[in-house]
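Beneath this line is the structure, given in structure tokens, with notes to follow.
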Amino acid sequence: QVQLVESGGGLVQPGGSLRLSCAASGSIFRNGVLGWYRQAPGNEREWVATITGGGSTNYADSVKGRFTISRDNAKNTAYLQMNSLKPEDTAVYYCRMVVGARIHWGQGTQVTVSS
């Protein structure tokens, strides 16, 4: 059974930075497509960024140029570096891993951007 555990969330002022981590159990990590999603109160969960096993990345327009997704297959960990944070980035951030037909989600980590 694959488990994903996010960490690194917290309270940050506008313009600040945070780095989220997503640690995965299991040996299938390097084959998985990793994604970050977020959900603000009252909103649907939305896609933020994706990185493939080969390292190709894609970003939502709302975060392009500010967020960077990366992965370390040796550590079974994915990251989301978030810079120039805005109040509208406030949400619970979730890690998702897709391997074949299976989709795995983490429990989420809260990010709050406020002065």
Scanning region 18-38 residue by residue, the ones that are open to solvent by 60 Å² or more (accessible area, probe 1.4 Å) and either without any contact (Cβ under 8 Å) to a residue 60 or more places away in the chain or within 14 Å of the chain's Cα centre (by Cα) (or both) total 3
Just one listed residue, out of Met82, Met97, is closer than 21 Å to Gln1 by Cα, touching a residue at least 60 places away in the same chain (Cβ under 8 Å) and open to solvent by less than 60 Å² (accessible area, probe 1.4 Å), and it is Met97
request  = Report yes if Val113 is in contact with a helix residue (DSSP H, G or I) (Cβ under 8 Å, 6 or more places away or on another chain), modelled with pLDDT of 95 or more and open to solvent by less than 20 Å² (accessible area, probe 1.4 Å), otherwise no.
outcome  = yes
Within region 39-70, residues being part of a loop (DSSP other than H, G, I, E, B), of a type in the set (A, V, I, L, M, F, W, C) and surrounded by 15 or more Cβ atoms within 10 Å (Cβ to Cβ) number 2
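The values are calculated or read from the model by the stated rules, or taken from the named source; none is laboratory data. Note that the coordinates shown come from a computational prediction; the quantities given were computed from them, not determined experimentally. Glycine also receives a Cβ, built like all others from the backbone with ideal geometry; neighbour counts cover every protein chain displayed. Side chains included, ligands, DNA and RNA excluded: accessible areas come from the protein's heavy atoms. Shrake-Rupley method; radii C 1.70, N 1.55, O 1.52, S 1.80 Å.
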